[in-house]
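See below for the structure under consideration.
The values are calculated or read from the model by the stated rules, or taken from the named source; none is laboratory data. Nothing here was measured: the structure is a model prediction, and the numbers come from that model. Here the Cβ positions follow ideal geometry from the backbone for every residue, glycine too, while neighbour counts run over all protein chains shown. Accessible surface is based on the protein model in full, side chains and every heavy atom, while ligands, DNA and RNA are left aside. Shrake-Rupley method; radii C 1.70, N 1.55, O 1.52, S 1.80 Å.
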Amino acid sequence: MRTLFLASLLVIGLLSGPLPSSAQSPVPVILDTDMDSDVDDVGALAMLHAYERAGKAQILGVIVTSDEAHSAACTDAINTFFGRGNLPIGVSQRDSLRNFSKYTQAVAQEFPHKVTNSTAEDATTVYRRLLAAQADGSVVIITIGHLTSLSRLLNSGPDAASPLDGRALVARKVKRWSCMGGQFPKGKEANFYRPDPASTVNCLRKWTLPVTFAGWEVGQQIVTGGAAFRERCPQKSPVYRGYEKYNGFQGRASWDQVAILEAVEGIEPYFSAEKGQCIVAADGSNEWQSTPQTNHQYLKIKGSPEVVQQRIETLMLGR
Ligand SMILES: [Ca+2]
C-alpha cells in the first residue's frame, strides 16, 4: 500500500512538471545598491528580506556602491532591523565621502548597526569571497545602482578567495544578473550614465551570462511608498523613516523594486521579456537591437501596474 502511495506521488510529480516556485530552493542573491540619493533602494532591500523570510531568497551579502557617508550604515541598519545584522557588506568607497542623502543619516542614527563606510570591507573583496563560497552557476547578482563595483569585480585578479580572475569567477559561480538600469528601447538612465558610464560599458562588454534589464520606464509606472503605505507600515521601522525623510510619503517610482521582483520570482506573472542586445555608448546612453542570439532581455509590464504595485508594497512591509 505504501509502495503504491509513493508510486502514485512519483507519477503525479512527473505529470505535474516542475515544482512551484514556493517549493524550490531559495535563490542565492548578492544585492549591489547605491543606498543614497533615491529611496527605492530602501524598499528594494526590505523586499529582499521579506523574500528571505518566506524561503524564496537567500541574501549572501550586500555591496554598497556609493560615496555617501551614511550609505553603508543605513544598509546595515536595515539588515539588522530585519534580523540579518550578520550580513557581509562591501563598499566601493571608504574616504572622500559626501553627505547628500535625505534619509541615510537619520536611519543610521536611529537604528542599531555595526558597519560604516569607513570600517566596511572593500566591495571587490566581499564580492569575490561570497561568490567563491557558492555552488557553481547558482548566484543571482542584482544591481540597483551604478555599476562601478560590478565592473571592478569583472576586472579583478586572483586573491585569497579564489585563483580565478573576476570574469572566470563570475562565469563559474553566477547564474544570471538582474539589472535596474537603462531605458528601453532607447534612452539615458542614471544608473548607466551617472557617475560612471565607463563601468557600464565595461560590464556589458565582459558579461557573457544571462542579464535582465529592468528599465527606467517600468519602475516609473509603479509608484509605492505613498500615503496608503504609511498607514500600513510600522512607524518604528527604517523603511518608514526612509520614505518619511525622503519625501513625506508622497510616493516614489519603484525602479529598484522591479529588479528585486524579477530576480526572485522571475519574469512571470508580472512581466514579459523582449530579447535582443543592449548597446551602451561611452556617455551611458543605451539603445536596443533586436537580435535572435542573445543573452540580454528587458522587461515589459504585463497587465496592470496596480497589481505589481500592490505586490511590491506588501513585500516592502516585510510580508
Ligand atoms: Ca538605486
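Some points to look at:
- Search result, residues across the stretch 210-227 that are open to solvent by 50 Å² or more (accessible area, probe 1.4 Å) and in contact with a helix residue (DSSP H, G or I) (Cβ under 8 Å, 6 or more places away or on another chain): TRP216, GLN220, GLN221, VAL223
- Any hit, the stretch 230-241, residues being more than 24 Å from HIS113 (Cβ to Cβ), basic (Lys, Arg) and in contact with a Ser or Thr (Cβ under 8 Å, 6 or more places away or on another chain): no
- Residue within the stretch 247-266 that is exposed (fewer than 14 other Cβ atoms within 10 Å of the Cβ), assigned to a loop (DSSP other than H, G, I, E, B) and not aromatic (Phe, Trp, Tyr) present: yes
- Taken over the stretch 136-156, residues that are under 16 Å from ASP122 (Cβ atoms) and either within 13 Å of the ligand (Cβ to nearest atom) or among the β-branched types (Val, Ile, Thr) (or both) amount to 2.
- Residue match in the stretch 290-303 (condition: under 18 Å from GLN221 (Cα atoms), out of contact with any helix residue (DSSP H, G or I) (no Cβ under 9 Å at 6 or more places or on another chain) and either within 16 Å of the ligand (Cβ to nearest atom) or not basic (Lys, Arg) (or both)): yes
- Residue in the stretch 91-99 that is in contact with a Lys or Arg (Cβ under 8 Å, 6 or more places away or on another chain) and not hydroxyl-bearing (Ser, Thr, Tyr) present: no
- Check on ARG128, among the basic types (Lys, Arg) and either more than 18 Å from the chain's Cα centre (by Cα) or within 30 Å of GLY248 (Cβ to Cβ) (or both): no
- Residue that is surrounded by the fewest Cβ atoms within 10 Å (Cβ to Cβ), among those in the stretch 190-209 that are under 22 Å from THR291 (Cα atoms) and within 16 Å of the ligand (Cβ to nearest atom): CYS203
- Count of residues meeting criterion [part of a loop (DSSP other than H, G, I, E, B) and not polar (S, T, N, Q)] in the stretch 280-313: 7
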